[in-house]
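Read through the structure below, which is laid out as structure tokens, and then see the notes.
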Amino acid sequence: MAEFLGTTATNFRLEELIKNARERLVLISPYLKINTRIRELLADKDRLKIDMRLVYGKSELQPEEIAWMRELRYLRTSFCQNLHAKCYLNEDSAIITSMNLYEFSQINNNEMGILVRRSEDEKLYQDIYEEALRVVRVGEEVRLSAEKVIHDSTAEEEHGEEEHLEKLTTSKLGKKLNVTTSDMEKILLQEGYLIVKEDKLFLSPQGEACGGEWRYNKYKKGGTYFLWPESIIAELNQKGVSAK
């Protein structure tokens, strides 16, 4: 059952949502002006190597704030034109609200929202999750600079976002290389594309850099899976893993 949130409750639940993220964090907000508390929480998630996605429509960050965000290795930012939605979610819960991730709004405005817990309403959570991922996909991957937001082919290469390439599941990648899915996971782990944390597999910085992606599917055993660009085959060949 969804929980209604007023201004104070929205701020509290947002902090809890960020603090409790163990695998993934998605923050969608047209306006950005991140307060000190949220910055501290995001920095802590970065130290824990949590996959973080931040989508925005207008930026009012100061140069020093931009420089700080660029230091977060596990935070990927993207720009979405005509963005008006405000949505914040981790792997367990989601907040839909009127509140931007904007310091003035968090202090001065009268805001409303709802909190949806995956354990209580999985279908509603999944609908929110899928739409949030759609917004992430349509957003342009960017690099933050003190002068402006830059998006070009160089930025795409740096972030491994080559969406025009057809991507393969780990299973299909294994078939291309004539190995089982289990062995393919072991190879990706051994070669540094995946890492193990709390007995679970996660994308490593190397895995993200090559274009690997994390996905969730409630119908799939375990819920999560990975997608890989076909270009990873050439990388693995160079490491001694041969394709058919």
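Given the conditions (1) under 14 Å from ILE18 (Cα atoms); (2) modelled with pLDDT of 95 or more, which single one is not true for LEU124?
(1)
Go through the residues of region 171-186 one by one and say whether even a single one is modelled with pLDDT under 85, assigned to a helix (DSSP H, G or I) and surrounded by fewer than 16 Cβ atoms within 10 Å (Cβ to Cβ). Step through it out loud before you land on a result.
Taking region 171-186 as the starting set, the residues that turn out to be modelled with pLDDT under 85 are none.
No, region 171-186 has no match at all.
The rows are residues; the columns are (1) under 16 Å from the mean Cα position of the chain (by Cα); (2) surrounded by 15 or more Cβ atoms within 10 Å (Cβ to Cβ); (3) aromatic (Phe, Trp, Tyr); (4) modelled with pLDDT of 85 or more.
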residue	(1), (2), (3), (4)
GLN190	no, no, no, yes
ILE195	no, yes, no, yes
ASP199	no, no, no, no
SER204	yes, yes, no, yes
GLU213	yes, yes, no, yes
TYR216	yes, yes, yes, no
THR224	yes, yes, no, no
PRO229	no, yes, no, yes
ALA234	no, no, no, yes
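Among the strands (runs of 3 or more DSSP E) contained in region 1-91, which hold 3 or more residues that are at pLDDT below 95 and buried (at least 17 other Cβ atoms within 10 Å of the Cβ)? If you could, list the steps in order and put the result at the bottom.
Values: elements: 3-5, 24-33, 51-59, 75-79, 87-90.
Correct list: 24-33, 51-59, 75-79.
What pairs come out if I take residues in region 126-142 that are closer than 11 Å to LEU54 by Cα and pair them with residues that are surrounded by fewer than 17 Cβ atoms within 10 Å (Cβ to Cβ) and at pLDDT 90 or above whose C-beta lies under 7 Å away, six or more apart or interchain?
Note: pairs meeting the criteria are VAL135/ALA85.
Filter region 107-125 down to the residues that are more than 11 Å from LEU89 (Cα to Cα) and either under 18 Å from the mean Cα position of the chain (by Cα) or surrounded by 21 or more Cβ atoms within 10 Å (Cβ to Cβ) (or both) and list them by number. I'd like the intermediate steps shown before the answer.
Filtering region 107-125 down to residues more than 11 Å from LEU89 (Cα to Cα) leaves 107-114, 119-124.
Answer for region 107-125, where residues must be more than 11 Å from LEU89 (Cα to Cα) and either under 18 Å from the mean Cα position of the chain (by Cα) or surrounded by 21 or more Cβ atoms within 10 Å (Cβ to Cβ) (or both): just GLY113.
The values are calculated or read from the model by the stated rules, or taken from the named source; none is laboratory data. The structure presented is a predicted model; accordingly, all values stated were derived computationally and were not measured. All Cβ positions, glycine included, derive from the backbone under ideal geometry; neighbour counts span all protein chains shown.
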